[in-house]
Amino acid sequence: MAEKVQEIVGSLPILNDVNSVHEMAEQRLAEGDAAFVADLGIALFRTYGSADRPIWQYRSVFDSVFRLLAVAADPEHLGHALRLIGTVASVDRKKARYAASLLASSRAATDLACVFAGGQVHAGGLEELRACLVHELVLRGEAVGDLPGIAPWATSPHWRHHPLGWLPPRRSSIEQSPDLPSYSVRGSGHSLPFGPSGNEAGPAPAGDGRAVSAVETTTSSAVAEIARAVANWAEESNGRIEVRTFALSTAGGSIAELLSALSLDCLAAKGRRAAPSASACTPSRVWQVLFAAASAGGAYNHGLYGAYGRLEAWKSMAGLSGAPQTATFVDVEHQIHDHRWFTFSATTKWFEQVAWDIAIAALSPDGRALAVLAATDTD
């Protein structure tokens with residue numbers, strides 16, 4: 001078996017078509033030889049995975065093998081899947097996020113208890129996998145605190161200092177409709193709720209005729225926090241982001257009038273300010289959009305997947321609602337419910353108007369503080 005694996009790995013760079021390797025891996029797994037498929041994946045990773053720009057043949061075959069083992073229906077294959085995942089995730093933590101998404105979407109939660117048992121081999125990678133898997137399951141409505149084999153790890157204080165430990169092991173009422181991917185052996189599917197309008201709760205309330213002056217209060221720390229859900233668009237794709245915060249002189253005026261009076265780059269149109277269309281929306285709608293932006297990514301990247309997508313969506317909403325970075329999840333959740341939320345849109349050159357457009361405004365309960373997040377990306 002080792003000789004066959006090395007033969008495939010060695011010949012990979014000269015192949016013009018890797019379909020035969022995909023088919024061979026699928027056939028071996030169908031015959032019950034999950035060990036061979038895992039060995040192939042590990043050998044591929046060790047040979048080509050450390051390259052700055054791995055050859056396309058490796059990228060194609062490795063992802064196929066990785067996904068094949070993770071989504072294979074037979075629970076007996078899971079041990080070999082974890083052997084491959086643990087090897088890779090101990091070096092590349094992003095692969096742990098991907099693996100958690102694959103496993104949670106394709107397997108029953110009860111079958112995944114073995115992920116949380118023992119696991120000293122490649123422990124670093126498996127610990128990250130476990131942390132991500134907990135929240136991938138939460139997003140899918142699983143009560144991880146009640147799942148035998150998973151609950152002791154998920155509720156243990158030993159990982160409270162992990163970034164994901166800030167999140168609760170339950171789905172919030174705000175997290176009503178997370179758009180989660182579905183996977184198959186040959187690919188994946190994902191719906192995206194992007195677009196600055198659509199699915200809103202209703203039109204924004206009309207103004208009372210009073211002019212409102214605004215003083216910009218934007219800080220670099222606020223920009224970084226509010227932009228967290230869409231940062232991957234700019235860092236890994238062609239995205240553009242605008243974050244602005246303002247202190248308002250008085251409460252009043254419609255949100256559309258207020259936005260058009262501000263010096264927002266996203267509303268600039270040939271020397272004038274575009275008049276946006278604005279609608280009131282629920283916190284759930286805002287979270288759904290930000291979660292999809294963070295978890296699925298932009299035009300040219302794959303995003304952060306479910307667990308970290310969940311975290312970054314909440315952190316962006318925390319920033320938009322003015323919560324301090326030290327706030328607990330419970331405090332942030334209360335503050336988000338107290339704010340008024342809006343989406344808006346405008347036909348300007350700032351927005352790419354392809355598929356990845358987001359424009360959100362959050363107004364404080366007293367109407368005296370406004371935060372804006374706009375993002376756009378293109379292929």
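The values are calculated or read from the model by the stated rules, or taken from the named source; none is laboratory data. Source: prediction; values computed, not measured. All Cβ positions, glycine included, derive from the backbone under ideal geometry; neighbour counts span all protein chains shown. Quick note on the areas: whole protein, heavy atoms, side chains included, nothing else; ligands and nucleic acids left out. Shrake-Rupley method; radii C 1.70, N 1.55, O 1.52, S 1.80 Å.
Using 0.36 nm per residue, how much length does the chain from Thr282 to Ser50 gain when fully extended, once their Cα-Cα distance is taken away?
Taking 0.36 nm per residue and subtracting the Cα distance, the gain is 79.1 nm.
For segment 277-357, what class follows from the C-alpha gyration tensor (a ≥ b ≥ c being the square roots of its eigenvalues): rounded when a/c is under 1.5, otherwise prolate if a/b is larger than b/c, else oblate?
On the way: a/c = 2.42, a/b = 1.27, b/c = 1.91.
Since a/c reaches 1.5 but b/c is at least a/b, the shape of segment 277-357 is classed as oblate.
Of Leu267, Ala292, Gln176, which is farthest along the charge dipole of the chain in the positive direction, counting Lys and Arg as +1 and Asp and Glu as -1 at C-beta?
Leu267
Need one number: nm distance between label points at Tyr300 and Ala327, each 7 Å from Cα along Cα→Cβ, rounded to one decimal.
Distance between label points: 3.5 nm.
Calculate, for Thr217 and Ser173, the FRET efficiency according to 1/(1 + (r/R0)^6) with r their C-beta to C-beta distance and R0 30 Å; round to the nearest 0.05.
According to the calculation, E is roughly 0.50.
Loop-only check: which trypsin sites (Lys or Arg not before Pro) in segment 268-344 are DSSP coil with at most 10 other Cβ within 10 angstrom?
Loop-located and lightly packed - Lys270.
Toward the positive end of the charge dipole of segment 1-142, about the Cα centre and with charges on Cβ (Lys, Arg +1; Asp, Glu -1), which of Gly10, Leu126, Leu78 goes farthest?
The one lying farthest along the dipole's positive direction is Leu126.
Could you please state, rounded to a whole Å, how far the C-alpha centre of segment 313-360 is from the C-alpha centre of segment 46-94?
Distance between centres, Cα-based: 35 Å.
Using label points projected 7 Å from each Cα along Cα→Cβ, tell me how many nm separate Asp366 and Asp33, to one decimal.
The modelled label-to-label distance comes out at 7.2 nm.
Applying 1/(1 + (r/R0)^6) with R0 = 25 Å to the Cβ-Cβ distance of Ala117 and Trp166, what FRET efficiency is obtained, to the nearest 0.05?
0.50
Given points 7 Å out from each Cα along the Cα-Cβ axis, report the Ala247 to Ala261 separation in nanometres with one decimal.
Simple spin-label model gives 1.7 nm for this pair.
Which entry is the computed volume of the Cα convex hull per residue in Å³ for this structure: (1) 164; (2) 121; (3) 141?
From the options (1) 164; (2) 121; (3) 141, the structure gives (3).
Hey, can you find the accessible area per residue of segment 1-156 for me, probe 1.4 Å, expressed in square angstrom?
43 Å²
Could you calculate the contour length gain from Thr110 to Ala2, that is, 0.36 nm times the residue separation minus the distance between their Cα atoms, to one decimal place in nm?
On the way: separation 108, 0.36 × 108 = 38.88 nm, distance 3.30 nm.
Using 0.36 nm per residue and subtracting the Cα-Cα distance, I get 35.6 nm.
Only Lys, Arg, Asp and Glu count, each charged at its Cβ (+1, +1, -1, -1), so figure out the dipole size of the chain about its Cα centre, rounded to 20 debye.
700 debye
Hey, can you find the accessible area per residue of segment 259-379 for me, probe 1.4 Å, expressed in square angstrom?
36 Å²
First compute the accessible area of segment 1-144 with a 1.4 Å probe, then give the percent of it belonging to carbon and sulfur atoms. List each step's numbers first, then the result.
Numbers: 3030 of 6150 Å².
Of the solvent-accessible surface of segment 1-144, carbon and sulfur hold 49 percent.
Restricting to DSSP H runs of at least four residues, report the calculated mean residue ellipticity at 222 nm for the chain, -39500 (n - 2.57) per run over all residues, nearest 500 deg cm²/dmol. Walk me through the numbers on the way to the answer.
Details: 14 runs with 160 residues, N = 379.
After summing the helix terms and dividing by the residues of the chain, the value is -13000 deg cm²/dmol.
Whenever you get a sec, compute what percent of the accessible area on segment 225-340 sits on carbon and sulfur atoms (1.4 Å probe). It would help to have the intermediate numbers written out before the result.
Details: 2080 of 4210 Å².
Carbon plus sulfur share of accessible area: 49 percent.
What list of ³J(HN,Hα) couplings, whole Hz, do you get for segment 351-368 from phi and the Karplus terms 6.51, -1.76, 1.60, once you set θ to phi - 60° and write x for glycine and proline?
Rounded to whole hertz, the list is 7, 6, 6, 9, 8, 10, 10, 9, 8, 10, 10, 10, 10, 5, x, 8, x, 10.
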